[in-house]
1. Using a 10 Å cut-off around each Cβ, can you sort H360, H189, H138 from fewest to most neighbouring Cβ atoms?
2. Whole Å is fine, so just give me how far the alpha carbon centre of the range 455-479 lies from that of the range 149-180.
3. Just to confirm my numbers, what's the Cα centroid distance between the range 73-135 and the range 274-318 in Å?
4. Please turn the phi angles of the range 125-135 into ³J(HN,Hα) values with the Karplus equation 6.51 cos²θ - 1.76 cosθ + 1.60 (θ = phi - 60°), one per residue in order, whole Hz, x for glycine and proline.
5. Cut-off is 10 Å between beta-carbons; in what order do S218, S422, S74 appear when sorted fewest neighbours first?
6. Just for the Cα atoms in the range 287-368, what are the lengths along the principal axes, largest first, rounded to whole Å?
7. Tell me, in nm to one decimal, what length is gained between R435 and D97 on full extension, where the rule is 0.36 nm per residue of separation less the Cα-Cα distance?
8. Ratio of the range 296-339's C-alpha Rg to 2.2 N^0.38 Å, to two decimals?
Amino acid sequence: MAEGDDDKGVHFAAQHDTEPRRALKIATTDASSKFNTIRIPLIPVACWTLKDPAFAFDSSFVSPSFQVELGVLSGIVGANQECPAALFGHCDPAGKDDLNKTLGDRRAIAIYALLTRQPDLWAYLYDTKQVGDTWDLHMVQTMLASVQDGQGAPYYAGDIDGARSADTTDAVRRFQADAGLAADGDPGHQTRKALFGAYMDWLCTPAPAAAPFRMQASDFLGGAGAGPGDLPKMSLQSCGKYNPIVLLTKDEMAGEDTTDGASKVQRNADDAPNRRVIMFLFEKGTTVDPSQWPCPKVKDPNTACKDAFWSDGDARRQNGDTQRLYEKTRDTMACRFYDRFARRSPCESPDEDAYLVRLHDDEVKPIAPPVPYRVTMGSTPGVRATSTDGWVKIQLPKDKCLDTVRIEWGTSGSSGDRLPFSLDLMVDCDVGEDRAQTRAKLNNIGYSVSTDEQLAGAVTQFQADYGLSEHGCNPDGTLPAKTRVRLWAIYDRKCDATRKASSKAAGSTGASQDP
């Protein structure tokens with residue numbers, strides 16, 4: 001359950017392809033007492049993923065880095081109004097089923113409470129410590145260092161060390177005074193609830209938003225009429241470790257730590273894609289009978305989860321001799337209910353021939369939609385279009401072999417043909433010699449490699465970013481073994497190739513990388 005930082009991006013969002021409508025063929029019955037039953041599948045229209053780095057270590061506390069992600073979520077929710085949502089919390093396959101289910105529960109609760117503004121639920125997480133998930137003074141300091149006073153300055157500027165220092169007490173006292181509470185400097189229950197609410201509003205107001213983003217309980221499946229503090233079935237659930245999207249090899253899972261803990265660090269990093277919270281937005285008008293929803297409510301035992309498994313569900317999630325990726329093998333998820341609609345989602349299974357690109361500025365900050373953009377494939381002139389959520393899905397033609405694809409974009413105020421930001425995707429990344437493939441893969445995840453001479457520096461930077469002990473290229477220009485495996489594995493998960501894409505002003509040779 002330990003956390004790692006497998007990639008620098010912590011979110012992913014996408015609009016689903018339109019689901020084709022098919023005629024329903026129904027046979028007549030042989031008596032008036034008999035009837036036909038039609039089971040209409042759940043059809044997601046959009047999805048959003050919050051990845052591991054947004055959470056504190058082995059915890060359900062949502063870190064300040066989550067603020068940036070709300071701009072993406074608000075865009076995807078705004079583009080799909082009246083489409084009911086459902087949250088699913090996932091953990092990695094390490095540890096026991098029941099412990100992972102509990103941590104997944106707590107993460108789903110944390111996100112649901114944040115989006116629907118229920119500080120009481122965060123108070124429950126703070127007051128009820130489980131599976132090593134401990135909310136304490138570290139979290140209080142983190143929130144005080146984020147929430148701003150009337151002059152626009154954070155209440156706390158000291159170290160996040162969990163110590164009850166004079167600076168911490170003074171910050172609490174100033175917050176209490178501004179919140180209309182007794183200014184005694186003690187971060188007690190009432191002070192924490194007020195701070196939770198202020199921190200939630202701060203998290204949900206990413207620049208350049210003027211007002212906090214907020215969802216209602218009625219925006220979720222099963223959420224209509226839920227009172228404060230309720231945890232309605234269908235609105236949020238934890239899948240624990242039941243539905244991994246990456247299964248490492250048995251050897252890596254059983255590997256002994258080296259003296260510097262390198263084996264464990266590497267294993268945690270490789271397992272990071274499994275630690276995620278996903279929101280699915282379903283077709284407008286979707287309703288489900290709660291008695292037919294197989295997922296148990298959060299905080300309930302996970303027996304009902306196993307009732308919804310594939311017949312070989314336990315075998316599916318077992319580590320084998322080779323690494324398995326859900327997007328390629330389709331056999332890593334144990335729950336047939338979740339698998340049936342998740343397999344159609346780009347959040348869990350990126351399109352083989354598509355790239356999803358986040359549109360951002362020179363400082364790698366999201367650009368508020370609507371965002372004008374243009375995609376040029378080969379020699380075919382691009383047509384100007386508009387993104388309503390700050391993302392662009394680039395579907396490659398299957399009947400052409402393209403060397404590069406260029407995407408250009410601007411801000412809502414951009415006019416004329418010139419768009420100031422651009423990215424050249426190298427799309428033939430799985431052909432040619434290793435050196436050519438290495439250049440293409442590094443370029444597409446944000447490391448500028450316009451010439452062979454730049455390759456060594458890009459490789460060294462990549463190794464440093466991913467904590468690899470290897471340095472630079474081999475003398476013949478090829479990659480050391482661990483570096484090659486990591487680069488190929490990252491690039492095969494297409495979403496990494498988009499969230500780490502470089503952004504640059506047109507004509508510039510420099511590149512920015514997702515922080």
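Just so it is clear, none of the values below were taken in a lab; they were calculated from the coordinates. Bear in mind that the values here come from a model prediction, so they are computed numbers and not experimental data. Ideal geometry is used to build each Cβ from the backbone, glycine not excepted, and the neighbour counts take in all protein chains shown.
1. Values: H360 21, H189 11, H138 16.
Neighbour counts put them in this order, fewest first: H189, H138, H360.
2. 43 Å
3. 15 Å
4. Running phi through 6.51 cos²θ - 1.76 cosθ + 1.60 with θ = phi - 60° gives 5, 5, 7, 10, 8, 9, 6, x, 7, 10, 8 Hz.
5. S218, S422, S74
6. Sorted from largest, the Cα extents of the range 287-368 read 49, 39, 22 Å.
7. Here the answer is 117.4 nm.
8. 1.28
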